[in-house]
Amino acid sequence: SRAEECLEIVSLTDQRNSWCRELSRGQTQRLVLAKTLLPSPKVMILDEPASGLDPLSRRELRLSLQAIAREGATVFVSSHILSELAEMCSSLCVMNQGQILASGTATEVRNQLGRAERQITVTVLGPRDKIASWLARQHGVLEVTKSEQHDQRVILRFAGGDHEQAALLSGILEQGVAVKSFEEKGASFEEILVKIAEDNRRQEESPHET
């Protein structure tokens, strides 16, 4: 039956004979999805479907939504959990104060927001002071710090592109420095959202020029 198909899509087949009051919050959310699927909708709009769910329930909900999409439905999800949306959705749209800031794949959205800033950790063999000073003068390097926990590690805030990053590594090697590791960490979607919110707050709090 269609009801059985919908329960299978949201992974609730084993709970088919359970009372609603016996279900967890995550299972209840998925039961609502199953009910919504009964008429085989082409479009679904969900507002914060993972709100209040524990990590396991959020994962189960995400898998259910992906299964629904594979069935041919278009699923719109409104959420502030951007990292989860990046894993779940084929296309993202970031809005701020009613304005669309960026849309596309996760990578495209990150690039459109202009938040390509990343952290690069360079671990060298030998003294790091000379290479730290050289790095501070390079294009795209916003800040250089020396790790307090590791006396051979230099941490950069870097805003250049992929070609500039490759050139940076080549330049380090040309300085005659033995590099043990060169690790990149991009900003998470939460960090991007927080930065946008902080920028908005500063603009609202700053006095207007007359």
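None of the figures in this text is laboratory data; all of them are computed from the coordinates on show. This structure is a prediction, so every number in the text was calculated from the model and none was measured. All Cβ positions, even for glycine, are placed from backbone atoms using ideal geometry, and neighbour counts span all protein chains on display.
Given Cα pairs under 8 Å that are at least 6 residues apart, what percent is the relative contact order of the chain? Intermediate results must be reported in sequence, preceding the final value.
Details: 248 pairs, mean separation 32.2, N = 210.
In percent, rounded to a whole number, it is 15.
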### Task
Work out how far the C-alpha atoms of the stretch 129-181 reach from end to end along every principal axis, then list the three figures in whole Å, largest first.
29, 22, 18
### Query
By a straight-distance test (C-alpha under 18 Å), which lysines pair with residue 180 as possible cross-link partners, with residues fewer than eight away in the same chain excluded?
130, 146
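Tell me, in nm to one decimal, what length is gained between residue 117 and residue 139 on full extension, where the rule is 0.36 nm per residue of separation less the Cα-Cα distance? Intermediate results must be reported in sequence, preceding the final value.
Numbers: separation 22, 0.36 × 22 = 7.92 nm, distance 1.29 nm.
Between residue 117 and residue 139, full extension yields an extra 6.6 nm.
Please report the relative contact order for the stretch 118-186, taking Cα pairs under 8 Å with a sequence separation of at least 6, and give it as a percent rounded to a whole number. Could you put the intermediate results ahead of the total?
On the way: 109 pairs, mean separation 33.5, N = 69.
49 percent.
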#### Entry: Order of 33, 7, 101 under a 10 Å beta carbon neighbour criterion, fewest first
101, 7, 33
### Query
What ranking of 80, 163 emerges when the number of other C-beta atoms within 10 Å of each C-beta is taken as an exposure proxy, fewest first?
163, 80
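Hey, what number do you get for the chain at 222 nm if only DSSP H runs of n ≥ 4 count, each worth -39500 (n - 2.57), divided across all residues, to the nearest 500?
Computed ellipticity for the chain at 222 nm equals -12500 deg cm²/dmol.
How large is the Kirkwood hydrodynamic radius of the stretch 57-114, counting all unique pairs of alpha carbons, in Å? All intermediate terms of the calculation are to be shown ahead of the outcome.
Working: mean 1/r = 0.0818 Å⁻¹.
Value: 12.2 Å, from the Cα pair sum.
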### Message
Exposed loop sites here are GluC sites (Glu not before Pro) in DSSP loop states with at most 10 other C-beta atoms within 10 Å. What is the longest stretch of the chain lacking them?
### Response
1-147
### Message
How would 81, 100 line up from fewest to most surrounding beta-carbon atoms within 10 angstrom?
### Response
100, 81
#### Entry: the stretch 1-51 and the stretch 52-126: distance between their alpha carbon centers, rounded to Å
23 Å
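Want the number for residue 5 to residue 206: 0.36 nm per residue separation, take away the alpha-carbon distance, what's left?
66.8 nm
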### Query
Rg to Rh ratio, the chain, alpha-carbon atoms and Kirkwood radius?
1.13
### Query
What is the stretch 1-100's relative contact order, in percent, from Cα pairs under 8 angstrom and six or more apart in sequence?
28 percent
## Note on the structure
Per the C-alpha gyration tensor (a ≥ b ≥ c, the square roots of its eigenvalues), the stretch 2-79 is rounded if a/c is under 1.5, else prolate if a/b beats b/c, else oblate; here it's oblate
